[in-house]
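For reference, the structure is listed below as structure tokens.
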Amino acid sequence: MRIQEHPILGEPQKGRLIQFTHDGNAMQGFEGEPIAVALRAAGVMAHRHTKKYDKPRGIFCAIGRCTDCVMVVDGKPNVRTCITSLEEGMTVETQYGVTAKKPEVESEKESKKEGTV
Ligand code: FES
């Protein structure tokens, strides 16, 4: 959902509709809008998971100050998606700690050690 008309700012200026991927899924957004806005419009709320407790985080300040919206963009971690413009063909991935790879839980590690996976 996007704001269609703002009482003070009027109708928002949109770029052209472009393609990007989020965690491997094809998505669309408007060129030049913040990545976080395109994700929110598509219903994506969790941008990263905390390293210690694996808690999901998303847009909080929306002005580039809190780092809750950081994601891995085109392979680069810690990109603040609320202030980074969307570009054609971007690869946007959920960030786990400081990588795009979800950490193994202890039971998965044990299974690998035992050779059951
Ligand atoms: S939401 Fe706070 S830095 Fe992006």
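Quick notes on this structure:
- Note on Arg2 and Lys113: the model spin-label points, each 7 Å out from Cα along the C-beta direction, lie 5.0 nm apart.
- Computed over the chain, relative contact order equals 24 percent, with contacts defined as Cα pairs under 8 Å that lie 6+ residues apart.
- Helical content of the chain, expressed as a calculated mean residue ellipticity at 222 nm, amounts to -3500 deg cm²/dmol (DSSP H runs of 4 or more residues, -39,500 (n - 2.57) each, divided by residue number, nearest 500).
- Springs between Cα atoms under 10 Å define the GNM used for the chain, and in it the highest mean-square fluctuation of Leu17, Leu39, Leu86 occurs at Leu17.
- Rounded to the nearest 0.05, the FRET efficiency derived from the C-beta distance between Lys102 and Arg16 at R0 = 41 Å is 0.80.
- Phi to ³J(HN,Hα) by Karplus 6.51 cos²θ - 1.76 cosθ + 1.60 over the stretch 11-20, Hz, x for Gly, Pro: 7, x, 7, 10, x, 6, 6, 10, 9, 8
- Neighbour count of at most 16 Cβ within 10 Å plus DSSP loop: longest GluC sites (Glu not before Pro)-free window in the chain: 32-86
- Neighbour count of at most 13 Cβ within 10 Å plus DSSP loop: longest trypsin sites (Lys or Arg not before Pro)-free window in the chain: 66-100
- Rg/Rg_ref, the stretch 17-100, where Rg_ref = 2.2 N^0.38 Å and atoms are Cα: 0.97
- Long-range HN-HN contacts of Thr84 with modeled amide H, under 5 Å: Ile35, Ala36
- With at most 15 other Cβ atoms within 10 Å, longest stretch of the chain clear of loop chymotrypsin sites (Phe, Trp or Tyr not before Pro) (DSSP): 61-117
Here, each number is a calculation from the coordinates, and none is a lab measurement. This one's a predicted model, so the numbers in the text were calculated from it and none came from an experiment. Positions of Cβ are generated from backbone atoms using ideal geometry, with glycine treated the same way; all protein chains shown enter the neighbour counts.
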